[in-house]
1. Over the C-alpha atoms of region 1-135, what are the Rg and the largest Cα-to-Cα span, Dmax, in Å?
2. From zero outward in steps of 5 Å, how is the percent of C-alpha pairs of region 123-195 spread across the bins?
3. First measure r as the distance between the Cβ atoms of residue 210 and residue 238, then evaluate 1/(1 + (r/R0)^6) with R0 = 22 Å and state the FRET efficiency to the nearest 0.05.
4. Which of the peptides 76-85, 326-335, 114-123 is most tightly packed, and how do the rest follow, judged by the mean count of other Cβ atoms within 10 Å per residue?
5. Grab the beta carbon distance between residue 176 and residue 350, set R0 = 51 Å, and tell me the FRET efficiency rounded to 0.05.
6. Can you give the angle from 0 to 90° between the axis of helix 168-178 and the longest principal axis of the chain, with both taken from C-alpha atoms, to the nearest 10?
7. Could you check the spin-label model distance between residue 304 and residue 319? Points 7 Å from the Cα along Cα→Cβ, value in nm.
8. Could you tell me how far the Cα centroid of region 145-197 sits from the Cα centroid of region 83-129, in Å?
């Protein structure tokens with residue numbers, strides 16, 4: 001399954017000026033979750049599929065799924081073998097996707113299709129996961145396998161266009177045909193919300209609406225789409241970018257102090273999750289937000305133990321004591337996301353993001 005092309009910011013040099021006035025310009029809500037894609041393995045078109053997909057399918061009729069870069073399995077796999085952050089999405093494939101309808105679309109498009117969606121898990125924006133029922137997957141693009149061979153990524157990933165993807169009307173028609181209406185909301189598949197069509201946009205002054213998922217939450221941003229130009233571009237709300245930095249920490253290149261640089265470089269989600277697992281599995285602590293009192297000092301200790309030669313030779317100056325509150329903030333955020341997504345996916349918190357890159 002082809003990896004979804006990167007969508008550049010509206011002010012990126014690769015974005016053509018005429019995109020904002022394209023006659024078919026559509027504005028689509030950008031949702032804050034994690035990347036997801038799936039395809040139906042149809043043995044009639046076996047030669048179309050890469051080996052990874054065929055292996056994961058293990059037979060006709062399997063819905064094979066993946067995250068942004070990796071094939072993860074099929075909807076037939078036991079949930080115990082699937083990362084906890086994907087359980088709700090896989091339940092959606094089982095109950096919310098009409099595989100027969102998807103197979104019929106293969107006939108119409110002379111081959112199989114790849115469906116791209118947002119796996120609605122808690123990342124930066126809290127749409128009210130603990131307060132309201134939300135769909136599991138939100139579809140936003142469809143690519144026929146027949147177009148994949150013509151799409152060779154250039155040296156700059158942002159220069160790759162979206163030529164070959166189904167037009168917006170065809171894609172949204174596919175979404176409506178493959179979704180099972182009677183499915184419970186928390187296992188449902190829905191199309192992304194189209195905010196406007198045949199419009200013009202001034203990116204610098206764009207007014208961000210409330211999310212279609214929650215009136216009290218402003219959208220992360222929007223995607224500008226022109227099928228005639230084969231282009232997409234995103235406008236992301238500055239307040240969301242600030243919240244994202246607060247949740248995930250400053251990127252090293254954006255750090256305003258030596259301590260922020262150290263935390264942005266070495267205090268990764270993987271390192272935090274490793275220490276959480278050790279505390280719970282090896283040391284018998286109970287999982288929960290209270291774990292942070294013991295967690296963040298261990299994360300700081302782990303950073304020093306593994307990287308002290310690099311830290312001693314850094315070109316940036318920092319005060320070791322200033323690292324502690326920044327790491328504590330990152331750790332409590334990670335604990336909160338693991339707790340929320342475990343409840344959302346009906347999964348063990350320790351299985352959330354344990355197998356995802």
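1. 17.1, 49
2. Cα pair-distance distribution for region 123-195, in percent: 3, 13, 17, 18, 15, 15, 10, 7, 2.
3. The calculated FRET efficiency here is 0.85.
4. Working: 76-85: 16.8, 326-335: 21.3, 114-123: 23.7.
Highest to lowest by the protection proxy: 114-123, 326-335, 76-85.
5. Details: r = 38 Å, r/R0 = 0.74.
Efficiency computed from Cβ-Cβ geometry: 0.85.
6. 90 degrees
7. The answer from the label model is 1.6 nm.
8. A separation of 11 Å, based on Cα centres.
Readers should treat all values here as calculations from the given coordinates under stated rules, not as data from a laboratory. Small disclaimer: the values here were computed from a predicted structure and weren't measured. So basically every Cβ, Gly included, is an ideal-geometry build from the backbone, and we count neighbours across all protein chains shown.
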